[in-house]
Amino acid sequence: MEPVSTPPLSAEQQELFALIEGGRDHVFVTGRAGTGKSTLLQHLAWNTSKQIAVCAPTGVAALNVEGQTIHSLFRLPIGLIADSDLELPDNVRRILNAIDTLVIDEISMVNADLMDAVDRALRQARRRRAEPFGGVQVVMFGDPYQLAPVPPRGDELRYIRDHYRSFWFFDAQVWAGPAVERGAIRTDGLLDLGRVGAPLHIAELRDMHRQADPAFRAMLNAVRHGVVTADMAQALNTAGARRPPAPQEGEAPIITLATRNDIVARINQRHLDALPGPVQTAKAAVSGDFGRGDAYPADVELQLKAGAQVMFLRNDVGGYGGDGPRWVNGSIGTVTRIAGDSVRVELDGVEHDVEPAVWERFRYAYDQGSRRLSRDIVAEFTQFPLRLAWAVTIHKSQGKTYERAVVDLGSGAFAPGQTYVALSRLTSLDGLYLSRPLRPSDILVDADVRRFMAGVRASARG
């Protein structure tokens, strides 16, 4: 990839980029929400001199980083892979042999079995079975306090319990620490190939770019680690107990972050129905092999009315000027007019004409002439980069930033990190509104994450 202009890096981001670019260490880049993991990944993808392939565990995550899904890149079967034979077509072997650095985003959603399958595929394709990942540098981005892999069930769960300490990526057999610590030896042939576990360099970004108030930062950090004090809980609940005010002219409307899709759909539909006038529907154009509907980055049929509250689903790519982009992924505004080829949206008191955006799905290929990797466009999805946004699920708020939001945990948070993700979207405590007070049961931290990250912090102190 040719270097392009990306947001400037902080000193710690620059130091970490130099470590990745100048060495061969396997690196896990983590950090609290708002510390700039995505910024660093984008800078690395566009400015590295290495042959790089970027992938992610889900279709939407892969779109966000302009890469491929892990299963697509490696041609891996869906579900538990275990010791099944890996059939790697010649074109996949050529791609895997050309990679210098493999970048995996949202690594916390990658399970240990898939992590080991990536290792095995690279060893097999590159015919370097004694080297972790076949000699490829692996750089991973994510925060296990926010997103977890899909838990196994039935026979898959029994297999994982027999072969792994946990289902998390950091307990994969490929890593030197977990394998030695656990004392487990697999019998599927991997360790019989002269295998040596890979050391993992763990770098935790610490500079916060989303929240400025140190007291609010401390509260979020406590929620992240599950160590909320009574005083912190009282401060959060007192701030959140205020009634959300009606937005004033020019102010960003208040969005509700809820735990479940049905709650979000009900809120959005109720507000849309209450607006006068007919609904207008924009249908997406889909071409090529874009995958299933759950991989689409926006609604296939987007229903809008004038007055609808909407959220932008990607950064502005056409309106950069002296004041920067007109909107970013997560900006919230109000529809003021709908025409055939554009939607006018008021954002921070200024109206903008928004046109359909094109999301491109990429696939890596190997160019024998240049002996380099290329990224080919294999599918396109065209739709207005908007979504109804009186409410959005906490999961879909991942990576977004809001000045104000109502956090609705309903009957309770049901996944580790869910409450932390919701609260950490906010820039300040002043913008927090709670549909009900936080309870101790809402603060969920996965025990394996707690164990792993405690070891990370202990190593850093040592």
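The values are calculated or read from the model by the stated rules, or taken from the named source; none is laboratory data. What you are looking at is a predicted structure, and each value in this text was computed from that prediction instead of being measured. Cβ sites come from the backbone with ideal geometry, for glycine too, and all protein chains shown count toward neighbours. Accessible surface areas use protein heavy atoms only, side chains included; no ligands, DNA or RNA. Shrake-Rupley method; radii C 1.70, N 1.55, O 1.52, S 1.80 Å.
Heavy-atom accessible area per residue, the chain, 1.4 Å probe: how many Å²? Write out the running numbers ahead of the final one.
Numbers: 20990 Å² over 462 residues.
Per residue, the chain has 45 Å² of solvent-accessible surface.
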Grab the Cα-Cα distance for residue 129 and residue 150, subtract it from 0.36 nm times how many residues apart they are, and report the gain in nm with one decimal.
4.7 nm
Cα gyration tensor, the stretch 104-153 - rounded (a/c under 1.5), prolate or oblate
oblate
For the chain, averaging the sequence separation of alpha carbon pairs under 8 Å that lie six or more residues apart and dividing by its residue count, the contact order in percent is 17 percent
If I fit a long axis through the Cα atoms of helix 112-126 and take the longest principal axis of the Cα atoms of the chain, what angle between them do I get, 0 to 90°, rounded to 10?
50 degrees
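What is the dipole size for the stretch 1-77, taken about its Cα centre, with +1 at each Lys and Arg Cβ and -1 at each Asp and Glu Cβ, in debye to the nearest 20? Kindly include the intermediate steps, with their values, before the conclusion.
Values: 5 positive and 6 negative charges, 50 e Å.
Value, rounded to 20: 240 debye.
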Give me the angle, in degrees from 0 to 90, between the Cα long axis of helix 447-461 and the longest principal axis of the Cα atoms of the chain, rounded to the nearest 10.
70 degrees
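Rounded to a whole number, what % of the accessible area of the chain do carbon and sulfur atoms account for, probe 1.4 Å? Walk me through the numbers before you get to the answer.
On the way: 10330 of 20990 Å².
Percent of accessible area from carbon and sulfur atoms in the chain: 49.
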List residues of the stretch 205-234, by number, whose backbone nitrogen lies under 14 Å from a label position 7 Å along Cα→C-beta of residue 15.
205-208
Quick one: grab the alpha carbon gyration tensor of the stretch 398-445, order the square roots of its eigenvalues as a ≥ b ≥ c, and give me rounded if a/c is under 1.5, else prolate or oblate depending on whether a/b is larger than b/c.
oblate
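Quick one: how many lysine pairs does the chain have with C-alpha atoms less than 29 Å apart and a gap of 8 or more or different chains? Give me the count, please.
Numbers: 37/50; 37/396; 37/400; 283/305; 283/396; 283/400; 305/396; 305/400.
Lysine pairs meeting the criterion: 8.
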Just want the answer: with Cβ charges of +1 for Lys and Arg and -1 for Asp and Glu, which residue in 347, 132, 209 is farthest toward the dipole's positive end in the chain?
132
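Largest first, what is the accessible-area ranking of 270, 439 with a 1.4 Å probe? Kindly include the intermediate steps, with their values, before the conclusion.
On the way: 270 135, 439 105 Å².
I get 270, 439, largest accessible area first.
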How much accessible area does residue 159 have with a 1.4 Å probe, in Å² rounded to the nearest 10?
40 Å²
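When the chain is fully extended, how far beyond the present Cα-Cα distance does residue 379 get from residue 436, taking 0.36 nm per residue of separation?
16.2 nm
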Taking +1 at the Cβ of each Lys and Arg and -1 at the Cβ of each Asp and Glu, which of 424, 414, 453 sits farthest along the dipole of the stretch 334-462 towards its positive end, judged by Cα position relative to the Cα centre?
453
Give the relative contact order (percent, whole number) for the stretch 270-369; include only Cα pairs under 8 Å separated by 6+ residues.
19 percent
Kindly provide the pair-distance distribution of the stretch 319-461 built from C-alpha pairs, with 10 Å bins from 0 and whole-percent values in order of increasing distance.
9, 24, 25, 24, 15, 3, 0
How much mean residue ellipticity at 222 nm does the chain get from its helices, if each DSSP H run of length 4 or more adds -39500 (n - 2.57) and you divide by all residues, to the nearest 500 deg cm²/dmol?
-8500 deg cm²/dmol
Size of the dipole of the stretch 368-450 about the Cα centre, Lys and Arg at +1 and Asp and Glu at -1 on the beta carbon, nothing else charged, in debye to 20?
240 debye
Divide the volume of the convex hull of the Cα atoms of the stretch 259-405 by its number of residues and quote the answer in cubic angstrom per residue.
150 Å³
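Ranked by accessible surface with a 1.4 Å probe, highest first, in what order do 127, 363, 165, 404 come? Provide the component values of the computation, followed by the final result.
Values: 127 200, 363 75, 165 105, 404 45 Å².
Sorted descending by solvent-accessible area, the residues read 127, 165, 363, 404.
Ordering 65, 300 by how much accessible area each has at a 1.4 Å probe, largest first, what is the list?
Values: 65 25, 300 65 Å².
Solvent-accessible surface, decreasing: 300, 65.
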